[in-house]
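Have a look at the structure below before the remarks.
The values are calculated or read from the model by the stated rules, or taken from the named source; none is laboratory data. None of the values given here were measured: they were computed from a predicted structure. FYI the Cβ positions are ideal-geometry reconstructions off the backbone, even for glycines, and counts take in every protein chain you see. Just the protein is used for accessible areas: all its heavy atoms, side chains included, with ligands, DNA and RNA removed. Shrake-Rupley method; radii C 1.70, N 1.55, O 1.52, S 1.80 Å.
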Amino acid sequence: MRGYVARTLSGHYPILVSNRGPHEPRPDGSFRRGAGGVITGLLTLAEAMGADWVACARSDAERALASKHSGGHIVPLAQSSGQLYYATPTKEQYEMYYSVISNPMLWFLQHYLWDLASEPVIDDRIHQAWTDGYVEVNRQMAARVVGLARGASARPLVLVHDYQLYLVPRFVREELPGSVIQFFLHVPWATPQYWKVLPKEMRDAILDGLLACDIVGFQSSLDVRNFLLTCEENMGLQVDEHERAVVAGGRVVYARHYPISVDVPMTMRLASSRGVERQEAEMGALRPAKLIARIDRTDPSKNIVRGFIAFDKLLRYHPDLHGQVQFWAFLQPSRQDVAAYSRYLRHIRQTAGRINSEFGNEQWQPIRLEIAESERKAIAMMKNFDVLLVNPVYDGLNLVAKEGALVNQTDGVIVLSENAGAHEELRGNVLSVNPFDVEATAAAMYAGLTMPAEERHRMNEGAKNVVRTNDIAKWISNQVQDMRDLVAPAERISLRP
Ligand code: G6P
């Protein structure tokens, strides 16, 4: 990334704000890179902008590290001129913010995961977690940003990321009215009706937080439309659909979509690294004639259980595939502190176990389920699938679909949910499915496995080209372009070639 975006808004002091930090200390004091694809994207952004980074201390190790460096920066950011700073809520505050509000409430709302006939039940525990956890941690994160910005002479450019931090822009705007504030949401924006599941004071505070921004960025054009509609419907604000803007408190707030993507050269380098090749060699010995793969966090939004049910159907309808096909599910454990997630993981294991005992024999197990984390193994699988199943219920983007398209070397076909953010760009080069329709998903997997070679090649190349063209550099430069055009006065801004 260095050299081709960089130092985007001269005369500004960029500060990136996210819940999870880019380097997480282990209890032994060493560091590992923050988990997840989003962090990779944000590291590239921080590097391109030369930004400092404010994250939340999430663990005892992070809290201990932060208290050692009270007031000052914690660690320099790798490959970047910026520094990492922490806000340090108490463990109780963090749990209310993260494990009561952000994940079980906001994540569930924004991925439409509730069975509304019985959930959520918004009781005093949730009201308290909102006030003492979510609002409080957002306030502390904003205070950290304000403290840093006050110590600098340049105009603050605050880049806030994701649903954990909706209130940060308002708190920052109150203290630093002249700053440029952009928010980027990595998950879907739900419809106005669905937002009404949240009590009015919560959903209004969320919108009010975002309306303190100059630009609010989303993954897809549908998210932009849903956001504008929510402003109109739930807050009675004046929206200009053509300009994709809303007027709030006498200020114009723009809504734009910037689908996140991968760093193409870096991902290709990783794909041809020794570590990945070693994984491939190990897998080679086990590879079935036909390989269906999925790589996901064990998140209910990923729809892993319905994926197995669809595979069950495939085996039922096509006995000729028995012994030939295998479904490799490589799943990363996620948010096991939230009850719905640990229940979901049990459901995944039970479903795979049932299918294996029904169809499998000593020579052949239809599903190979591995719950672990290894970027190299994930990339090795992406290089070799015949079908990659990405069938989320609803999802912000699904970087795995883009990574899989880019690195695959076997003319693999992607079966992609029409409700994944990446579908907007990849449709035409994937087999689209309704993620709830297990019959259609089974049929799409079958079509992917049996498609003529030229057709598989055409789709695979088409998908690769989409990713190569819309890479992470484009994600960043489109945002910078909008900040230049829509917000900051042009004479103060220069783009480094
Ligand atoms: C995924 C989502 C992001 C989210 C992140 C948080 O990567 O796409 O939108 O911010 O998870 O994950 P965490 O494990 O930190 O809760």
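Among residues of region 333-347 that are in the same structural domain as residue 371 (by TED's automatic domain parsing), those with a beta-carbon under 6 Å from a residue that is near the ligand (Cβ under 10 Å from one of its atoms) and assigned to a loop (DSSP other than H, G, I, E, B) at least six positions away or on a different chain give the pairs 334/299; 341/335. Checked against the criterion of being open to solvent by 10 Å² or more (accessible area, probe 1.4 Å) and in contact with a Lys or Arg (Cβ under 7 Å, 6 or more places away or on another chain), region 132-143 has no qualifying residue.
Within region 174-195, no residue that is aliphatic (A, V, I, L, M) sits with its Cβ atom under 6 Å from a residue that is within 16 Å of the ligand (Cβ to nearest atom) and open to solvent by 10 Å² or more (accessible area, probe 1.4 Å) at 6+ positions apart or across chains.
When the criteria are applied in full, residue 124 fails the requirement of being closer than 24 Å to residue 214 by Cα and open to solvent by 10 Å² or more (accessible area, probe 1.4 Å).
For region 359-372, the criterion of being within 16 Å of the ligand (Cβ to nearest atom), open to solvent by less than 10 Å² (accessible area, probe 1.4 Å) and not in a helix (DSSP H, G or I) is satisfied by no residue at all.
Tell me, which helices (runs of 4 or more DSSP H) wholly within region 74-163 include 3 or more residues that are within 23 Å of the chain's Cα centre (by Cα) and of a type outside the set (Ser, Thr, Tyr)?
136-150
A quick yes/no check of all residues on (1) charged (D, E, K, R); (2) closer than 29 Å to residue 115 by Cβ; (3) buried (at least 17 other Cβ atoms within 10 Å of the Cβ):
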residue	(1), (2), (3)
384	no, no, yes
410	no, no, no
417	no, yes, yes
429	no, no, yes
460	no, no, yes
480	no, no, yes
487	no, no, yes
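Taking the stated definitions as given, is residue 169 under 26 Å from residue 301 (Cα atoms) and either free of Cβ contacts under 8 Å to residues at least 40 places away in the same chain or open to solvent by less than 30 Å² (accessible area, probe 1.4 Å) (or both)? Considered against the rule, which asks whether it is under 26 Å from residue 301 (Cα atoms) and either free of Cβ contacts under 8 Å to residues at least 40 places away in the same chain or open to solvent by less than 30 Å² (accessible area, probe 1.4 Å) (or both), residue 169 comes out as no. Among the residues in region 432-443, are any closer than 28 Å to residue 113 by Cβ, surrounded by 23 or more Cβ atoms within 10 Å (Cβ to Cβ), among the hydroxyl-bearing types (Ser, Thr, Tyr) and out of contact with any helix residue (DSSP H, G or I) (no Cβ under 6 Å at 6 or more places or on another chain)? Within region 432-443 (the criterion being closer than 28 Å to residue 113 by Cβ, surrounded by 23 or more Cβ atoms within 10 Å (Cβ to Cβ), among the hydroxyl-bearing types (Ser, Thr, Tyr) and out of contact with any helix residue (DSSP H, G or I) (no Cβ under 6 Å at 6 or more places or on another chain)), the answer is no, since none of the residues qualifies. Filtering region 390-411 to residues that are more than 16 Å from the ligand (Cβ to nearest atom) and acidic (Asp, Glu) leaves only 411. For region 181-194, the set of residues classified as surrounded by fewer than 21 Cβ atoms within 10 Å (Cβ to Cβ) and outside any loop (DSSP other than H, G, I, E, B) consists of 192, 193, 194, listed by residue number.
Out of everything in region 147-187 that is touching a strand residue (DSSP E or B) at 6+ places or on another chain (Cβ under 6 Å) and polar (S, T, N, Q), what residue ends up being farthest from the ligand (Cβ to nearest atom)? Taking the candidates together, the pick is 179.
Taking the conditions (1) away from the ligand (no atom under 16 Å from the Cβ); (2) more than 20 Å from residue 282 (Cα to Cα); (3) open to solvent by less than 10 Å² (accessible area, probe 1.4 Å) in turn, residue 422 satisfies each one other than (1). Among the residues of region 281-301, those that are open to solvent by less than 10 Å² (accessible area, probe 1.4 Å), in contact with an Asp or Glu (Cβ under 9 Å, 6 or more places away or on another chain) and either at pLDDT below 95 or within 16 Å of residue 382 (Cβ to Cβ) (or both) comprise 291, 292, 293. The residue that is farthest from the ligand (Cβ to nearest atom), counting only those in region 302-333 that are open to solvent by less than 10 Å² (accessible area, probe 1.4 Å) and in contact with a Gly (Cβ under 9 Å, 6 or more places away or on another chain), is 327.
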